[in-house]
Amino acid sequence: MLDILNFVALSGIFNVLFFWYASTKMRSKPDPIKTLIVSFVFSIPLSFLLIGVYTTMLVYAAKTGSSEDAMWDYMEQEELQ
């Protein structure tokens, strides 16, 4: 669980820094602080989506008596089909 939370945090930080950097390269030069706020707001739903999917997977694993690793294997197997 800690791995997915670290991933969400890192992806949020990357998203914020990317939007902030991109705002400095645009011709119309928007305010970097406003761009930072907008990018942070857009990263919040993504974080909740990732946390929701992972939590759903863990609840299903607990309900069926599987381990977390078995669920990851199952998801990878379904993705390959």
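The values are calculated or read from the model by the stated rules, or taken from the named source; none is laboratory data. The structure presented is a predicted model; accordingly, all values stated were derived computationally and were not measured. Note: ideal-geometry Cβ built from the backbone for every residue, glycine included; neighbour counts use all protein chains shown. Note: accessible area is taken over every heavy atom of the protein model, side chains too, but ligands, DNA and RNA are not part of it. Shrake-Rupley method; radii C 1.70, N 1.55, O 1.52, S 1.80 Å.
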Checklist outcome for this item: Going through (1) hydrophobic (A, V, I, L, M, F, W, C); (2) over 18 Å from the mean Cα position of the chain (by Cα); (3) modelled with pLDDT under 80 one by one, Leu5 fails only at (2)
Next on the checklist: Looking for something under 15 Å from the mean Cα position of the chain (by Cα), more than 30 Å from Glu68 (Cβ to Cβ) and loosely packed, with under 15 Cβ neighbours inside 10 Å - is there at least one such residue anywhere in segment 20-40?
Outcome noted: no
Checklist outcome for this item: Of the residues in segment 45-81, those that are under 11 Å from the mean Cα position of the chain (by Cα) and free of Cβ contacts under 8 Å to residues at least 12 places away in the same chain come to Pro45, Phe48, Leu49, Gly52, Val53
Next on the checklist: Please verify whether Leu50 is open to solvent by 80 Å² or more (accessible area, probe 1.4 Å) and at negative phi, treating the condition exactly as stated.
Outcome noted: no
